[in-house]
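A.B. asks: What follows is a single structure, and I will ask about it in a moment.
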Amino acid sequence: MNKNLIWLFVIVSIVFVTAGDSFEFVPQPIQSASLQSRKFIVGLWPGWLKPKNTNERTEDAVENLENRSEP
């Protein structure tokens, strides 16, 4: 019984953090708490683990090529 309640709490918490601010029936203070919780959790993610722009090198090369070809 306790394991079921723990899993229920985890699932409800995940739904609240991910989509709580988009539910229209939820009062505004709870919606903003959901948004703040999501921003807090995303802020815990280390900066060096953020995804890289894999096309950055190609975009830079294209920009350099375009700048060179213009008189």
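Bear in mind that the values in this text are calculations on the coordinates, not laboratory data. The shown structure was predicted, so the numbers you read here are calculated from the model rather than taken from an experiment. Cβ: placed from backbone, ideal geometry, glycine included. Neighbour counts: every protein chain shown.
A.B. asks: Identify the chymotrypsin sites (Phe, Trp or Tyr not before Pro) of the chain meeting these criteria: DSSP loop state and at most 15 other C-beta atoms within 10 Å of the C-beta.
C.D. replies: Phe23, Phe25
A.B. asks: OK, next. Among Ile11, Ile30, Ile41, determine the one that fluctuates most according to a GNM of the chain built with springs between C-alpha atoms less than 10 Å apart.
C.D. replies: With Cα springs under 10 Å in the chain, the top fluctuation among Ile11, Ile30, Ile41 is at Ile11.
A.B. asks: Only Lys, Arg, Asp and Glu count, each charged at its Cβ (+1, +1, -1, -1), so figure out the dipole size of the chain about its Cα centre, rounded to 20 debye.
C.D. replies: About 560 debye.
A.B. asks: Looking at the chain, which trypsin sites (Lys or Arg not before Pro) are DSSP coil and have at most 13 other C-beta atoms within 10 Å of their C-beta?
C.D. replies: Sparse-neighbourhood loop trypsin sites (Lys or Arg not before Pro): Lys52.
A.B. asks: Which value in deg cm²/dmol, rounded to the nearest 500, describes the helix-derived mean residue ellipticity at 222 nm for the chain, given -39,500 (n - 2.57) per DSSP H run of n ≥ 4 and division by the residue count?
C.D. replies: After summing the helix terms and dividing by the residues of the chain, the value is -23000 deg cm²/dmol.
A.B. asks: Using alpha-carbon positions, what is the distance between the centroids of the stretch 4-35 and the stretch 37-69, in Å?
C.D. replies: 30 Å
A.B. asks: Report ³J(HN,Hα) in whole Hz for each residue of the stretch 14-24, in order, from the Karplus equation J = 6.51 cos²θ - 1.76 cosθ + 1.60 where θ = phi - 60°; Gly and Pro get x.
C.D. replies: Those phi angles translate into 5, 5, 4, 5, 7, 9, x, 7, 9, 7, 6 Hz.
A.B. asks: So I have (i) 4, 15, 18, 19, 19, 14, 8, 3, 0; (ii) 4, 19, 34, 27, 14, 2, 0; (iii) 3, 13, 13, 11, 11, 11, 8, 7, 7, 6, 4, 3, 1, 1, 0, and one of them is P(r) over Cα pairs in 5 Å bins from 0, in percent calculated from this model. Which one is it?
C.D. replies: (iii)
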